[in-house]
Amino acid sequence: MNLISVLIIDDHPIVLEGTKALFQKLDDMYIETEGNPENVLNKIQQQHYDVFLIDINMSVLNGISLAANIKAQQKNARIILYTGEDIRSYYPLIVEKKVDGILSKTASQERVIQTIRSTVHGDLVLPFDFIDYISKKMQNKYDNLKLTNKEKLLMNMVIEGYTNKLIAEKLGVAQRTAERYLSQLFSLLDVTSRGEAIELVKQKKLM
């Protein structure tokens, strides 16, 4: 029997160990962990992993950026993001084939294991409301879209070229929180970069 090798990446040691513990009694998976996302690219040059289970909100390097870096180095990498936030914000990443799955940190052990096994075999395990997301996406999603005052403020700073650090300072929050705000805004706009966000906002006159 071939073992499924999994690398779990999370910068919270307690969460990292708790996630690893989900797989203790399985005989078909080999689990490794990494607490520093900056070590991952070097690590995968020395060791092959079938699946990467990555926390989205990490302080040094967020999970979405890390996933892109892994995909650039290992095109066929199977990547599952997991988060304590509402996973619906990240459905666009699945549609764009940037990741192979999204998991909530509150997901059951059975759900986590099933998702990993399915991903290895090229299958996609999705929540039922993903269908609703696709249906809405097929409609003209920008017709009734209105940014909140907070989203407009954030978008203005993006347009003015503020760095993530400067955005955090202006908002009086941690940089990690500011990066989460940006990820949620980009997910709302269904874009993957600042440039796309600026172009869309101007084109659709959302400000």
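Any read-out appearing in this document is the output of simple, stated calculations on the displayed coordinates, not a laboratory observation. All values reported here derive from a predicted model rather than from experimental measurement. Glycine also receives a Cβ, built like all others from the backbone with ideal geometry; neighbour counts cover every protein chain displayed.
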Residue separation between residue 26 and residue 109 times 0.36 nm, minus their alpha-carbon distance, gives in nm 28.7 nm
Footprinting proxy, 56, 94: sorted fewest to most Cβ within 10 Å, the residues are 94, 56
The stretch 68-92 and the stretch 142-169 have their Cα centres apart by a whole-number Å value of 23
In the stretch 4-135, taking the dipole from +1 charges on Lys and Arg beta carbons and -1 charges on Asp and Glu beta carbons about the Cα centre, the listed residue (35, 79, 16) farthest towards the positive end is 79
Straight-line reach check, residue 98, cutoff 22 Å on alpha carbons, 8 or more apart in-chain or any other chain, hits among lysines -> 43, 71, 75, 136, 137, 141
Taking every DSSP bridge whose two residues both lie in the chain, the antiparallel percent to the nearest 5 is 0
Computed on Cα atoms, Rg of the stretch 149-204 relative to 2.2 N^0.38 Å comes out at 1.03
Asserting the computed 222 nm helical MRE of the chain (DSSP H runs at least 4 long, -39500 (n - 2.57) per run, divided by residue count, to nearest 500) equals -14000 deg cm²/dmol
For the stretch 107-207 the mean separation of alpha carbon contacts under 8 Å (6+ apart) over residue count, i.e. relative contact order in percent, is 21
With label points set 7 Å from each Cα along the Cα-to-Cβ direction at residue 47 and residue 163, the distance between them in nm comes to 3.3
Treating only Lys and Arg (+1) and Asp and Glu (-1) as charged, each at its beta carbon, one finds that the chain has a dipole about its Cα centre, in Debye to the nearest 20, of 740
Treating only Lys and Arg (+1) and Asp and Glu (-1) as charged, each at its beta carbon, one finds that the stretch 149-204 has a dipole about its Cα centre, in Debye to the nearest 20, of 140
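Subtract the Cα-Cα distance of residue 131 and residue 198 from 0.36 nm times their separation in residues, and report this length gain in nm to one decimal.
Gain in length upon complete extension: 21.3 nm.
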If each part is reduced to its alpha-carbon centroid, the stretch 13-59 and the stretch 170-207 end up apart, in Å, by 29
